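The values are calculated or read from the model by the stated rules, or taken from the named source; none is laboratory data. For clarity, every value in this text was computed on a predicted model and none was experimentally measured. Glycine gets a Cβ as well: all are built from the backbone with ideal geometry, and neighbour counts include every protein chain shown.
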Amino acid sequence: MRDHAKELADVKARIKESMPRKGPWHVSEYTADGYALVYDDEDGFEVALVSYQNRNANARLIAASPDLLDVAKLVLEYVEMPRALIDAAEAAVAKATRGTA
């Protein structure tokens, strides 16, 4: 006989493990050997070390991802677009692009 409670608990544990750190995240002003470091503001945990050609732009996008996720969740809750939601989306995009988009 299947133990549905255990199966549900296992699924919830896997979901929790797959969830990202909440953020906020930021890009370090200092680079190590040409790498851009993204860290968690709460505890300084290293979230990502980016080393590709556009590493700074990619690091900013990674750092903005918790904000973008939060905004996406808010969008799912609304049919109409209130000004506060538009402002939040613009702020998240500005964080990822340093306000150049």
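For segment 42-69, filtering for residues that are free of Cβ contacts under 8 Å to residues at least 40 places away in the same chain, charged (D, E, K, R) and surrounded by 14 or more Cβ atoms within 10 Å (Cβ to Cβ) leaves 2. So in segment 16-47, with the set limited to residues that are over 16 Å from the mean Cα position of the chain (by Cα) and of a type outside the set (Gly, Ala, Ser), which one is modelled with the highest pLDDT? The extreme case among them is 35.
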